[in-house]
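For reference, the structure is listed below as structure tokens.
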Amino acid sequence: MRLDNYTVGTYTPGAPYWKQLLWYFFGSPVVESHLIPISPIKVWILQIFGAKIGQGVRIKPGVRVKFPWRLTIGDYVWLGEEAWIDNIAPVTIESHVCISQRVYLCTGNHDWNHPEFKLTPAPIHIQESSWIAANSAIGPGVNVGKGTVLTLGGVTGHSLEAMTIYSGNPARAIKKKKDKEPQ
């Protein structure tokens, strides 16, 4: 690869330059702030910048979002401390999902075999009632099935089946969950 030949190709950030600057200098610091622990303020700021967010969403200090205009979050989602939503492509998090501390959601990669180190963005979709445990990482193009658990420090670049517990790096299925209705 030759990094001096790198280009973004047809990729665009998806918002005008002024909006990106406002996000980087105003919106992102407020959402990421440890001094503002109030979730509704952070939700409101994300919505002003184009995020689609449901009710009852909790956002802990240190949460980073690259592009809020490419973020959709359902109802009663928890985003843990220092979670990083690196969404150069869309990220959809359905209702009742827990994204724990220091989780990394990465929607872009580079083709290391391409002479120009080509950027390859792909969306992430996390279906309802899933739990992504602390220090886990999810790569581009991954779909996490309904009710799935990715345990502490799990890493996946492949989609995960519904109602299954995954562990490790790379994540492997370790157990099927019993389907129980919430009490």
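The values are calculated or read from the model by the stated rules, or taken from the named source; none is laboratory data. The model shown is predicted, which means the values in this text are computed figures rather than measured ones. In this analysis, Cβ positions are derived from the backbone assuming ideal geometry, glycine residues included, and neighbour counts consider all displayed protein chains.
Screening the candidates 48, 36 for the property of being touching a Gly at 6+ places or on another chain (Cβ under 9 Å) and either surrounded by 15 or more Cβ atoms within 10 Å (Cβ to Cβ) or not basic (Lys, Arg) (or both) yields one hit, 48.
The set of residues in the range 1-33 being polar (S, T, N, Q) and either loosely packed, with under 10 Cβ neighbours inside 10 Å or modelled with pLDDT under 95 (or both) consists of 5, 7, 10, 12. Using the structure shown, decide if residue 44 is closer than 23 Å to residue 108 by Cβ, modelled with pLDDT of 95 or more, under 21 Å from the mean Cα position of the chain (by Cα) and not polar (S, T, N, Q). So residue 44 does not fit the description; no. When restricted to residues that are in contact (Cβ under 8 Å) with a residue 60 or more places away in the chain and not in a loop (DSSP other than H, G, I, E, B), the range 115-142 contains 2.
Number of residues in the range 143-174 that are among the polar types (S, T, N, Q), farther than 19 Å from residue 74 by Cβ and part of a strand (DSSP E or B): the value is 3.
Got at least one residue in the range 143-164 being under 16 Å from residue 104 (Cβ atoms), surrounded by fewer than 18 Cβ atoms within 10 Å (Cβ to Cβ), at pLDDT 95 or above and in contact with a His (Cβ under 9 Å, 6 or more places away or on another chain)? Checked the range 143-164: no residue is under 16 Å from residue 104 (Cβ atoms), surrounded by fewer than 18 Cβ atoms within 10 Å (Cβ to Cβ), at pLDDT 95 or above and in contact with a His (Cβ under 9 Å, 6 or more places away or on another chain). Scanning the range 75-100 for residues that are under 17 Å from residue 127 (Cβ atoms), in a loop (DSSP other than H, G, I, E, B) and either of a type in the set (Val, Ile, Thr) or over 13 Å from the mean Cα position of the chain (by Cα) (or both) gives 75, 76, 77, 95, 96, 97.
Here is a check on your reading of the model: is residue 69 out of contact with any Leu (no Cβ under 7 Å at 6 or more places or on another chain), buried (at least 20 other Cβ atoms within 10 Å of the Cβ), within 22 Å of residue 121 (Cα to Cα) and not hydroxyl-bearing (Ser, Thr, Tyr)? Against the criterion (out of contact with any Leu (no Cβ under 7 Å at 6 or more places or on another chain), buried (at least 20 other Cβ atoms within 10 Å of the Cβ), within 22 Å of residue 121 (Cα to Cα) and not hydroxyl-bearing (Ser, Thr, Tyr)), residue 69 does not qualify. Selection of first residues in the range 80-93 that are in contact (Cβ under 8 Å) with a residue 40 or more places away in the chain and within 18 Å of residue 32 (Cα to Cα) and of second residues that are surrounded by fewer than 23 Cβ atoms within 10 Å (Cβ to Cβ) and hydroxyl-bearing (Ser, Thr, Tyr), restricted to Cβ pairs under 7 Å at least 6 apart or on distinct chains, gives the following pairs, ordered by first then second residue: 80/100. Does residue 111 meet the test of being under 20 Å from residue 143 (Cα atoms), loosely packed, with under 15 Cβ neighbours inside 10 Å and more than 11 Å from the chain's Cα centre (by Cα)? Considered against the rule, which asks whether it is under 20 Å from residue 143 (Cα atoms), loosely packed, with under 15 Cβ neighbours inside 10 Å and more than 11 Å from the chain's Cα centre (by Cα), residue 111 comes out as no.
Conditions (1) within 23 Å of residue 98 (Cα to Cα); (2) in contact with a Pro (Cβ under 9 Å, 6 or more places away or on another chain); (3) not hydroxyl-bearing (Ser, Thr, Tyr), marked per residue:
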site: 12; (1), (2), (3): no, no, no
site: 17; (1), (2), (3): no, no, no
site: 23; (1), (2), (3): no, yes, yes
site: 26; (1), (2), (3): no, no, yes
site: 29; (1), (2), (3): yes, no, yes
site: 36; (1), (2), (3): yes, yes, yes
site: 45; (1), (2), (3): yes, yes, yes
site: 51; (1), (2), (3): yes, yes, yes
site: 63; (1), (2), (3): yes, no, yes
